[in-house]
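This report refers to the structure that appears directly beneath it.
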Amino acid sequence: MGPRARMIVFENFEFQTLDLAQSIRMSSGAFDSTYYYRFSNTAVGDNVTLAVGEASDPPNTPALDAIRSFTSENWQIFYDEGIYFIRNWDYEATYQLGLTADERTTPQLLATGAGIGMQWNLSKGDDGWFMYNMLLGTDNMLGVDMSALNHTIPVMNTDTTGAQWSIDINTSAGKITNETMLEVFSSIPAATTTLPATTSTTSTTIPTSTSSNVASTQKSKGTSSSNKLSSGAIAGIVVGCVAGIALILVVWFIIRRLRPRSTQLLGAGKDEPSQFDRTRKTTELPGNVFSAEAPTNKVVNELPGETTR
């Protein structure tokens, strides 16, 4: 750890001063390291948040639970040299969210360090933030398994459907004044994978400053995506126009083919019977079918051998 932060008490108010180098390293992130945040998964809903339940040693596995104003729902997103370290209110700087070489699927709260498994990259997406762990690189993101029966345990996977997070600052939790939670690391191992490019330039509602390198990456990626969409849209319009013209020609040809035949069937004039009428045969019913009286030559069949008197 680097030099410790100094605390000054002045007229019953507590102010925090940091070394200049430490302030610069912390201030260029997209989140304010001196505040707490809540993590909600956009696929599950904003009525649940990431928490660790009651304090224990070792800590419980982080899980999604209904918001209940517990202290363990609050997380520090500590920024240092382009990397984020995620800590919980209840455990302060003692533990951090991370992965190990033996457990690469479910993040745990591990003893604090600067190891690659505790290094996170937060990249802005269309509906939220993607969270990449530098131990796995850009192949896996922290999210929920949408095929599971419940979506309470966050896991690292490749499915982007449940991998976006709404990260909201919780000012009611107050500012972080713990000295060790604001100390930068003396050295941070470099990850072998490159940081992912952001997929959207949508601004965050978090009232903090955004680093210039993240903003430029977002702008470049957003411009590239817009160009690809424009080319696809143009191709779609051209194909649609050609298909529409072809359909009109087919309908016109069918109408032209059917029009003479319809005229012949209708006849030359209004009062002249058509060819179809002149050749039509008329079938008449027998004349006595609708007679009001019963026929006189009706034959009555009687049963043999019996006579009714």
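Filtering region 117-144 to residues that are within 18 Å of GLU81 (Cβ to Cβ) and of a type in the set (Ser, Thr, Tyr) leaves SER123, TYR132. The residues in region 145-156 that are surrounded by fewer than 22 Cβ atoms within 10 Å (Cβ to Cβ) and in contact (Cβ under 8 Å) with a residue 40 or more places away in the chain can be counted, and the count is 6. For ILE116, only one of the following conditions fails: (1) without any contact (Cβ under 8 Å) to a residue 40 or more places away in the chain; (2) surrounded by fewer than 22 Cβ atoms within 10 Å (Cβ to Cβ); (3) of a type in the set (A, V, I, L, M). What is its number? ILE116 satisfies all of (1) without any contact (Cβ under 8 Å) to a residue 40 or more places away in the chain; (2) surrounded by fewer than 22 Cβ atoms within 10 Å (Cβ to Cβ); (3) of a type in the set (A, V, I, L, M) except (1).
Does ALA55 qualify as being farther than 20 Å from TRP165 by Cβ, touching a Ser or Thr at 6+ places or on another chain (Cβ under 9 Å), of a type in the set (Gly, Ala, Ser) and at pLDDT 90 or above?
yes
Of the set (1) within 16 Å of ARG104 (Cα to Cα); (2) not small (Gly, Ala, Ser); (3) not in a strand (DSSP E or B), all apply to TYR132 but (3).
Scanning region 102-136 for residues that are over 20 Å from VAL52 (Cβ atoms) and touching a helix residue (DSSP H, G or I) at 6+ places or on another chain (Cβ under 7 Å) yields LYS124, MET134, LEU135. Filtering region 16-41 to residues that are modelled with pLDDT of 95 or more and either of a type in the set (Ser, Thr, Tyr) or in contact with a Gly (Cβ under 8 Å, 6 or more places away or on another chain) (or both) leaves SER33, THR34, TYR35, TYR36, TYR37, SER40, ASN41. ILE167: assigned to a strand (DSSP E or B) and without any contact (Cβ under 8 Å) to a residue 40 or more places away in the chain, yes or no? It is false that ILE167 is assigned to a strand (DSSP E or B) and without any contact (Cβ under 8 Å) to a residue 40 or more places away in the chain.
The values are calculated or read from the model by the stated rules, or taken from the named source; none is laboratory data. Quick caveat, the model's predicted, so the values are computed rather than measured. Every residue, glycine among them, receives a Cβ derived from its backbone with ideal geometry; neighbour counts consider all protein chains shown.
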